[in-house]
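The values are calculated or read from the model by the stated rules, or taken from the named source; none is laboratory data. Since this is a predicted model, take the numbers as computed values, not measurements. Heads up, the Cβs are rebuilt from the backbone with ideal geometry, glycines too, and the neighbour counts pull from every protein chain shown. Only protein heavy atoms, including side chains, enter the accessible area calculation; ligands, DNA and RNA are left aside. Shrake-Rupley method; radii C 1.70, N 1.55, O 1.52, S 1.80 Å.
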Amino acid sequence: MTIHIEDLTFDVIIGLLDFERDRPQRVIINLQASYDYSDDQFIDYADMVLLIQNELKEKRYELLENALLGLKEVLYTTYPQLQTLSLKISKPDILAQCNVSLSKTWNF
């Protein structure tokens, strides 16, 4: 099975610049995760969404790279049945002329 969480949007403190540390900014998370499904080994996507939001809100990462690695760690620790995980974090409001993102895919 593959879970898709698309365009999960919320505000967090994330970034290096002074103004990014002072007030939350909008981020958009996209996730794709595959795992072997069985009746007692399913993944609740609503719980996964809360886990992502809590991780980013609590840690207040400076770098998107560290945010991606932190999300990977907490997701894989919570859901060891994951076989692949693809994450993308976008900051749509940081530059007026574009949407910036960082992504990574892992095979477990």
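Relative to the longest principal axis of the Cα atoms of the chain, helix 64-78 runs at roughly 30 degrees.
Suppose R0 equals 25 Å; then what is the FRET efficiency for Tyr76 and Val100 from their Cβ-Cβ distance, rounded to the nearest 0.05? Calculated transfer efficiency: 0.50. For the chain, the residue among Leu87, Val74, Gln25 whose Cα projects farthest onto the positive side of the dipole built from Cβ charges is Gln25.
For the chain, the per residue solvent-accessible surface stands at 59 Å², with DNA, RNA and ligands left out and a 1.4 Å probe. Between the amide H of Leu8 and those of Ile29, distances stay under 5 Å, these residues lying 5 or more places away or on another chain, with hydrogens modeled in the peptide plane. Note on region 37-108: Kirkwood hydrodynamic radius from all Cα pairs is 13.5 Å, rounded to one decimal. Between helix 45-59 and the chain there is an angle of about 40 degrees, using the helix long axis and the longest principal axis of the Cα atoms.
Size of region 25-67: Rg and Dmax of its alpha carbons, in Å, are 13.0, 39.
About its Cα centre, the chain has a charge dipole of approximately 380 debye under the convention of +1 per Lys or Arg Cβ and -1 per Asp or Glu Cβ, with nothing else charged. Over region 1-91, what percent of the accessible surface lies on carbon and sulfur atoms, probe 1.4 Å? Carbon and sulfur together cover 48 percent of it.
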